[in-house]
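**Student:** Dumping the structure here so I can ask a few things about it.
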Amino acid sequence: MTAPTTPSSRPAVTEREAREVAEAAREQHWRKPSFAKELFLGRFRLDLIHPHPLPAAEDTRRGEEFLAALRVFCETRIDGAVIERDARIPDEVITGLRELGAFGMKIDTRYGGLGLTQVYYNKALALVGSANPAIGALLSAHQSIGVPQPLKQFGTQEQKDTFLPRLADGDISAFLLTEPDVGSDPARLATTAVPDGDAYVLDGVKLWTTNGVVADLLVVMARVPRSEGHQGGITAFVVEAAAQGVTVEHRNAFMGLRGLENGVTRFHRVRIPAANRIGPEGAGLKIALTTLNTGRLSLPAMCVGSGKWCLKIAREWSAAREQWGRPVALHEAVGSKIAFIAATTFALEAVLDLSSQMADEDRNDIRIEAALAKLYGSEMACLMADELVQIRGGRGFETAASLAARGERAVPAEQILRDLRINRIFEGSTEIMHLLIAREAVDAHLSVAGDLIDPDKTLTDKARAGAQAGVFYAKWLPKLVAGHGQLPTSYSEFKHEVDLSGHLRHVERTARKLARSTFYAMSRWQGRMETKQGFLGRIVDIGAELFAMSAACVRAELLRGRGEHGREAYQLADAFCRQSRLRIEELFGRLWANTDDLDRKVVQGVLSGTYAWLEDGIVDPSGDGPWIADATPGPTAETDKHRPIR
């Protein structure tokens, strides 16, 4: 049987069809408890996170042993300035990481990996990412979303035996989903994998293939056409990067992460053994989303490392730099920025460690917690880096190389701001994360009342849903009126020299208020709720603040109980919670008092050209060319840029 020479063209997909594809890919059921899900429903389940879960003693021993070796490597073998200058991680650094076993951190020891827990994997990423963020991205893309994680969760035993030892030994992997015209809307995926005997024939173009330039193994998402014996759908495959017909056409360059090996990969009539398919046909998006449930925790891990570095530089610089007779740190305008960095770093680490330990224990469903950690970590880390640049003044805007050339300490403050910026886009942009988390947050409502607002449901379906919703809300709504947050003695175990109990009572009260606001909005807008993205984003941001406050208090109590800087931890948690409460108050105000409707009118005017006169008086330095590159399947016309590291 000969494979077709012209793969199917990009599918035409309506907005509704695109949403249906995304809905089918998400996990439909909640088999385990979720702290964050309960929080959005107005139920403050502190028992799910307190006492703070802890790793096993053997996991801690192995993790600390590896961290010690990795720290020595980072201090003696990695020169971040060289990577920034050359826009490339030296081969000898990657070889050294292989020798350390860093490419097998999350791979089980039976396959030659280190078998680290999520907690220690994240600590390792924070450490190596502080030496250079591009190295953190290399290791993270390899293990968090690359071949090891989907194989661990969905691979056959034969696939694990075949590929995991290679990956633990240092073969580099990459994850290929995005296409030039496909981002967060995978229903329009154009890359095809056409069945051909005991194989599939892969055709298409993938964009922003992190690690793709140097990868040995790829996870590729492609559309299998429906045919006799094939249910079709978006499907995941393991592909050898050296296979005939695989071409890295371009190595991309970015404003930050200059050492990132990210490119454009073309597949032309690439034969993939059917044995390399991960899971059944049509399960690709579900595999990708499930992989990301814990894979997303790698980004906040590196954000935590960046926050720690920002705090170190802010402390040292602000004590040394004097203005008007005293260190700048003692001027309130600068001091408030330092307090924000310190308190936020403490909270981000609390969120990360709590989410990671819950992932390791696997007692809770952490899909929302991991998404909140990614969302909150990426946003707050950018703010901290921006504040560091401001604290450093002109030196913050100056490159480290320029500072060194004129005899000053080479502090790469502007670089960390550039490097962190992508985290608000990587693995789900902030805007997409808002929608994803909001969908999960209202899942209980849609489960009981979704048919009421679905225009395609029959009157019988709507009547049945109405009866079901009546039972649910008759039990749920009265519980939003009062709770432990109104009792002055609640959470008294968090009351010591510094009193955190009031913050937890505030979380409990605010969670109920958040649930009431969500219910009111659903009642008001019904089927139009999904179009109220500004409202949904603020709802999610409030939930993120409440989760961070809870995690900060629980971590402070853990450290106090263990005699590890307990008083200082309580002070930082108190500072963070007070700052967070101010942000929450503003967000609640903007739920109902905002410019969302006016903004939509302005956008319509911009798109129609009504305000085009406002663009007069400039020149556009952009080059010529299409907005989106041509991704028509076919043979390559480019020289292969693939650079495997041996």
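The values are calculated or read from the model by the stated rules, or taken from the named source; none is laboratory data. It should be emphasised that the depicted structure is a prediction, and the values quoted were computed from it without experimental measurement. Note: ideal-geometry Cβ built from the backbone for every residue, glycine included; neighbour counts use all protein chains shown. What goes into the accessible areas is simple: the full protein's heavy atoms, side chains included, and nothing from ligands, DNA or RNA. Shrake-Rupley method; radii C 1.70, N 1.55, O 1.52, S 1.80 Å.
**Student:** Do you know which of the residues in the range 265-306 that are open to solvent by less than 30 Å² (accessible area, probe 1.4 Å), in contact with a Phe, Trp or Tyr (Cβ under 8 Å, 6 or more places away or on another chain) and in a strand (DSSP E or B) is nearest to ALA199 (Cα to Cα)?
**Tutor:** Restricting to residues being open to solvent by less than 30 Å² (accessible area, probe 1.4 Å), in contact with a Phe, Trp or Tyr (Cβ under 8 Å, 6 or more places away or on another chain) and in a strand (DSSP E or B), the top hit is ILE272.
**Student:** Please go through the range 212-232 and give me each residue that is crowded, with 21+ Cβ neighbours inside 10 Å and within 20 Å of PRO186 (Cβ to Cβ), ordered by number.
**Tutor:** Hits for the range 212-232 are GLY212, LEU218, VAL219, VAL220, MET221, ALA222, ARG223, VAL224.
**Student:** Does any residue in the range 373-397 that is over 27 Å from ALA544 (Cα atoms) come within less than 6 Å, Cβ to Cβ, of a residue that is charged (D, E, K, R) and at pLDDT 95 or above six or more places away or on a different chain, and which pairs are these?
**Tutor:** PHE397/GLU414
**Student:** Which of (1) under 27 Å from ASN423 (Cα atoms); (2) open to solvent by 10 Å² or more (accessible area, probe 1.4 Å); (3) of a type outside the set (Phe, Trp, Tyr); (4) in a loop (DSSP other than H, G, I, E, B) is the odd one out, the single condition GLY259 does not satisfy?
**Tutor:** Exception for GLY259: condition (2).
**Student:** So which residues in the range 120-136 are of a type in the set (A, V, I, L, M, F, W, C) and open to solvent by 10 Å² or more (accessible area, probe 1.4 Å), if there are any at all?
**Tutor:** ALA126, LEU127, ALA131
Listed here are the residues, each with its yes/no results for (1) in contact with a Gly (Cβ under 7 Å, 6 or more places away or on another chain); (2) of a type in the set (D, E, K, R); (3) touching a residue at least 12 places away in the same chain (Cβ under 8 Å).
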| site | (1), (2), (3) |
| --- | --- |
| LEU189 | no, no, yes |
| GLY204 | no, no, yes |
| GLY212 | yes, no, yes |
| ARG226 | yes, yes, no |
| THR235 | yes, no, yes |
| ALA241 | no, no, yes |
| HIS268 | yes, no, yes |
| ILE272 | no, no, yes |
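**Student:** Which residues, taken from the range 307-349, are over 21 Å from GLU557 (Cα atoms), among the charged types (D, E, K, R) and assigned to a helix (DSSP H, G or I)?
**Tutor:** LYS312, ARG315, GLU316, GLU332, LYS337
**Student:** Do we find that THR639 is more than 30 Å from HIS142 (Cα to Cα) and either assigned to a loop (DSSP other than H, G, I, E, B) or without any contact (Cβ under 8 Å) to a residue 60 or more places away in the chain (or both) in this structure?
**Tutor:** No; evaluated as a whole, the condition is false for this residue.
**Student:** Here is a follow-up. Inspect all residues belonging to the range 223-241 and state whether any of them is under 15 Å from LEU176 (Cα atoms) and not in a strand (DSSP E or B).
**Tutor:** yes
**Student:** What residue, among those in the range 153-186 that are of a type in the set (Ser, Thr, Tyr) and within 26 Å of the chain's Cα centre (by Cα), is least open to solvent (accessible area, probe 1.4 Å)?
**Tutor:** Top of the filtered list is SER173.
**Student:** Shifting gears a bit: Tally time: how many residues in the range 90-102 are open to solvent by less than 20 Å² (accessible area, probe 1.4 Å) and outside any helix (DSSP H, G or I)?
**Tutor:** 1
**Student:** When VAL603 is evaluated against the numbered criteria (1) of a type in the set (A, V, I, L, M, F, W, C); (2) in contact with a helix residue (DSSP H, G or I) (Cβ under 7 Å, 6 or more places away or on another chain); (3) free of Cβ contacts under 8 Å to residues at least 24 places away in the same chain, which criterion, by number, is the only one it fails?
**Tutor:** (2)
**Student:** Of all the helices (runs of 4 or more DSSP H) wholly in the range 31-89, which have at least 1 residues that are more than 18 Å from MET549 (Cβ to Cβ)?
**Tutor:** The qualifying helices (runs of 4 or more DSSP H) are 57-77, 80-86.
**Student:** Okay, next question. Please give the number of the condition PRO195 fails out of (1) at pLDDT 95 or above; (2) of a type outside the set (Ser, Thr, Tyr); (3) open to solvent by less than 10 Å² (accessible area, probe 1.4 Å).
**Tutor:** All conditions are met except number (3).
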